[in-house]
Amino acid sequence: MAYEFKLPDLGEGLTEGEVARWLVEVGQEIAEDDPLVEIATDKTTVEIPSPAAGVVASILVAAGEVVPVGTVLVVIGGDGGASDKLSLEERASPPATKAEPSNKLSQGEKVRTTPLVRRLAGELGVDLAAVTGSGPQGRITEQDVRAAAAPSEGRREQLHGVKRLMFEHLTVAHREIPAVTWVEECDFSHVDLELLVPLVLKAVAESLQEFPELNARVEDGELVLLDRYDIGVAVQTDQGLVVPVVRDCGERPLDVLDAEVRRLVDAALAGKLAPEELRGGTFTVTSAGKAGGLLVTPLVNHPEVAILGIHRIDDRPVVRDGEVVVRRMGNVSVTFDHRVIDGKRAADFGLAVIAQLQKS
């Protein structure tokens with residue numbers, strides 16, 4: 001008997017996912033719990049084991065396709081015959097309501113694609129009815145829409161996996177959040193730069209207790225103030241930017257925070273972060289080190305409401321007690337959602353973090 005494996009809900013309100021990579025092929029015999037497929041969500045890429053044993057009869061969604069939760073991805077067992085495949089296609093993509101051939105609505109209903117691709121087509125002004133789909137069963141892909149929207153010039157690379165997710169996530173952040181960035185200098189002369197990230201996490205967690213509206217997220221038009229300090233740390237990897245979350249930053253001692261940050265960074269660089277290690281952040285810290293320049297303006301990690309940046313730290317001439325001296329200085333920034341955070345409060349929070357660092 002054939003087993004239809006559908007895209008599962010992997011948590012936190014997931015509505016769709018990308019088939020990042022198939023780990024099997026049609027005709028292959030697999031056992032229960034054998035690696036089946038890698039699914040990229042808005043948080044990470046997850047390897048899903050096969051829930052059934054048998055021969056892979058058909059793969060209905062190609063790698064790189066984004067489909068809604070509940071879509072049949074693969075059929076395991078059965079004879080894999082044409083009649084089986086046809087019935088599966090009909091269940092995965094219901095036929096359009098019958099109407100006159102000249103009816104525009106009827107033509108639109110026959111288009112096979114995902115809500116994400118429909119939205120992209122609307123933004124780019126592409127008529128989906130005029131696009132030939134290259135996906136399974138003629139399904140229109142993101143690449144099809146982008147190819148139809150622009151002249152064929154240059155080399156095109158479709159965004160997949162973490163890069164596609166970063167593209168979508170930052171598009172939402174930039175579109176929805178009116179971001180403002182505050183910047184001030186910090187004297188890092190007495191800060192152990194080997195422990196910079198955990199020291200910043202401690203300083204941020206302590207300061208957030210005084211400024212709770214920055215340790216929050218926007219949900220359904222409301223500001224939800226959180227009483228935990230689970231702070232994300234932005235990490236640049238070869239696949240793209242990820243933000244693993246360091247839990248309980250207000251309670252853990254510095255050495256434990258340091259060990260946890262190093263563990264998460266190593267896992268991020270190796271592409272081995274678990275989904276739960278990328279979820280539930282209340283605030284984010286980012287630092288690109290020397291590559292970050294004097295100042296960048298990071299985007300807020302939606303649905304959070306603020307992000308703190310530590311920028312390049314080096315020796316600079318500064319005035320102390322009427323004399324010019326050399327100090328190890330760096331800029332600290334706070335980028336915040338001005339819909340819910342007042343500029344004065346964001347600035348006072350940034351100054352509080354700086355004060356914590358300068359006394360460390």
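The values are calculated or read from the model by the stated rules, or taken from the named source; none is laboratory data. Here the structure is a predicted model, which means the values were calculated and not measured. No Cβ is skipped: glycine too gets one built from the backbone with ideal geometry, and neighbour counts run over all protein chains shown. Surface areas here come from the heavy atoms of the whole protein model, side chains and all, with no ligands, DNA or RNA. Shrake-Rupley method; radii C 1.70, N 1.55, O 1.52, S 1.80 Å.
Filtering E323, E304 for residues that are of a type in the set (D, E) and in contact (Cβ under 8 Å) with a residue 24 or more places away in the chain leaves a single hit, E304.
Residue-by-condition table, conditions (1) closer than 27 Å to A270 by Cβ; (2) in contact with a Phe, Trp or Tyr (Cβ under 8 Å, 6 or more places away or on another chain); (3) touching a residue at least 24 places away in the same chain (Cβ under 8 Å):
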| position | (1), (2), (3) |
| --- | --- |
| A2 | no, no, yes |
| D9 | yes, no, yes |
| V24 | yes, no, yes |
| G27 | no, no, yes |
| D34 | yes, no, no |
| I39 | yes, no, yes |
| G54 | no, yes, yes |
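When residues in the range 251-310 are screened for being over 15 Å from D230 (Cα atoms), among the hydroxyl-bearing types (S, T, Y) and in contact with an Asp or Glu (Cβ under 8 Å, 6 or more places away or on another chain), 0 of them pass.
Looking across the range 285-299, the residues that are within 15 Å of V233 (Cβ to Cβ) and out of contact with any Pro (no Cβ under 8 Å at 6 or more places or on another chain) come down to V285, S287, A288, G289, G292, P298. Residues in the range 285-316 that are small (G, A, S) and open to solvent by 50 Å² or more (accessible area, probe 1.4 Å): 3 in all. Does L278 satisfy the criteria of being at pLDDT below 95, out of contact with any Pro (no Cβ under 7 Å at 6 or more places or on another chain) and farther than 16 Å from C186 by Cα? Spelling it out, it is not the case that L278 is at pLDDT below 95, out of contact with any Pro (no Cβ under 7 Å at 6 or more places or on another chain) and farther than 16 Å from C186 by Cα. Checking each residue in the range 192-214 for being assigned to a loop (DSSP other than H, G, I, E, B) and surrounded by 12 or more Cβ atoms within 10 Å (Cβ to Cβ) picks out Q209, F211. Residue count for the range 334-344, restricted to those that are touching a residue at least 40 places away in the same chain (Cβ under 8 Å) and acidic (D, E): 1. Residue count for the range 207-221 satisfying the condition of being more than 16 Å from G280 (Cα to Cα), among the small types (G, A, S) and touching a strand residue (DSSP E or B) at 6+ places or on another chain (Cβ under 6 Å): 0. Residue selection: N331 satisfies the criterion of being open to solvent by less than 30 Å² (accessible area, probe 1.4 Å) and either assigned to a loop (DSSP other than H, G, I, E, B) or touching a residue at least 40 places away in the same chain (Cβ under 8 Å) (or both).
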